[in-house]
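The values are calculated or read from the model by the stated rules, or taken from the named source; none is laboratory data. Remember, predicted model here, so these are calculated numbers, not experimental data. Note: ideal-geometry Cβ built from the backbone for every residue, glycine included; neighbour counts use all protein chains shown.
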């Protein structure tokens, strides 16, 4: 290799240019030290901005509808995000140390070509999330504009069960997302830093308004759990808690994999670790509490529970309040959507065909798929949203995480050969670019969760054991894939492929 790698304070940087390769382009090449502009406050702002969003505000609603009281719901959300923080920080390490994005991080374990398997699986999940968040942003615009154009509410269904005004607002918000992606990753960082303090301030202001208007936080905060003796679900708390906890882990399980897409721009490991710890579980807990408390107050203020903040905002008739709220909701959804659901698949699609697909083209592909999945149908059922969508794909992503963490920490002790990540001549080529051990571990990790998933979506029934196993989908797939991958690599992969990396 003609490229030289220098190491400064644990950060690896390629000096000169990497040799031309079909597996390299500007967007997935290792970041230079000069490109590392994200400090601790930027990483914290990333998580505060992504967490302070409408889905987080509404996240506790399904848990409460299943029988939890407010503090059980908020605590479950906080615990789930504290657990997912662990693989988040672990996977982030490679991004900071080597400046590589998620699909390149997959290459040592899955092979240079095989990395497209986890990258595309992650990308398709992100496309689903992109569609959901874009629909939510468009829905906010529609509901507030419908105050001024009441006929919009009565418009007949047009395509896929939604009206023409709803579709127009959805596509308008979609186009804003695409415009920011065209401007590049640094524009997203600036957007996140604007959003983070603004959304926290507005959330606290909404909390203060609800408390003052209702003379407290309303009945939901004093309501006992349905699981207490004599309650309708007495003795069933753990039956609801574990699938709920798995769903909360699934909420950010996507980012726990592709976090290198962001931490490759981090200045130090301390910046990414502390920034994530400060930004993620605390904001998720705070914003879900705001959602519960404000919704509880709406029982007193309006005589009914209003979980959806968009619907709540439409209760205000002041044009200034409506305009500010519309801006805040759109900014919240836009920043979360871009960071969480576009950056990763844009890189993933670029990794699929580096010579033809750039970051911008990958972002456009994400946007098109986000429209085609008809996201308004995914969010129509809150119970299905958590127990089918979130738990279901957590099994998929847990399995990928088990392979990646096993490979990077247990087999390679965090040591990678940076130039070889982009070359078919190096140790990461395996068999025709694929590592069969990683593929087998991925499949075997997901397999035990499939019967439970099919049962939940009512395609086929399965024994109670598999239904119970599905409640722990992320943990099951993560653990099985890690153990299987470790065993297969030690048994069948020549020592040089792994042991040389350990001592490099």
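When you scan region 297-319, do you find a residue that is part of a helix (DSSP H, G or I) and without any contact (Cβ under 8 Å) to a residue 12 or more places away in the chain, even just one? Yes, that holds for at least one residue. Checking each residue of region 110-117 against the condition of being under 23 Å from residue 244 (Cα atoms), touching a residue at least 60 places away in the same chain (Cβ under 8 Å) and either crowded, with 24+ Cβ neighbours inside 10 Å or touching a helix residue (DSSP H, G or I) at 6+ places or on another chain (Cβ under 8 Å) (or both) gives no match.
For region 1-48, the set of residues classified as within 19 Å of residue 345 (Cα to Cα) and outside any loop (DSSP other than H, G, I, E, B) consists of 46, 47, listed by residue number. Annotation: residue 184 fulfils all but one of (1) surrounded by fewer than 18 Cβ atoms within 10 Å (Cβ to Cβ); (2) within 30 Å of residue 403 (Cβ to Cβ); the unmet one is (2).
Considering region 13-53, the residues that are over 27 Å from the mean Cα position of the chain (by Cα) and touching a residue at least 24 places away in the same chain (Cβ under 8 Å) include one that is nearest to residue 189 (Cα to Cα), namely 13.
One residue alone among 371, 361, 405, 365 is at pLDDT 90 or above, closer than 18 Å to residue 133 by Cα and assigned to a helix (DSSP H, G or I), and that residue is 365.
In the set (1) surrounded by 21 or more Cβ atoms within 10 Å (Cβ to Cβ); (2) at pLDDT 95 or above; (3) under 19 Å from the mean Cα position of the chain (by Cα), residue 87 fails one condition alone, (2).
A single member of 210, 226, 214 is closer than 22 Å to residue 305 by Cα and at pLDDT below 90, and it is 226. Taken together, the criteria exclude residue 161 from residues that are within 30 Å of residue 323 (Cα to Cα), surrounded by 24 or more Cβ atoms within 10 Å (Cβ to Cβ) and more than 18 Å from the chain's Cα centre (by Cα).
The condition of being touching a residue at least 40 places away in the same chain (Cβ under 8 Å), in a helix (DSSP H, G or I), over 19 Å from the mean Cα position of the chain (by Cα) and closer than 27 Å to residue 82 by Cβ holds for only one of 262, 173, 241, that being 241. Against the definition (touching a residue at least 12 places away in the same chain (Cβ under 8 Å), touching a helix residue (DSSP H, G or I) at 6+ places or on another chain (Cβ under 7 Å), more than 21 Å from residue 209 (Cα to Cα) and assigned to a helix (DSSP H, G or I)), how does residue 280 come out, yes or no? The answer is yes for residue 280. May I ask you to list the residues in region 421-448 that are outside any loop (DSSP other than H, G, I, E, B) and farther than 19 Å from residue 117 by Cα? 448 - this is the single residue of region 421-448 that is outside any loop (DSSP other than H, G, I, E, B) and farther than 19 Å from residue 117 by Cα.
Looking for whichever is assigned to a helix (DSSP H, G or I) and more than 19 Å from the chain's Cα centre (by Cα) here; the options are 188, 112, 141. Which one fits? Step by step, each of 188, 112, 141 is checked, and only 141 is assigned to a helix (DSSP H, G or I) and more than 19 Å from the chain's Cα centre (by Cα).
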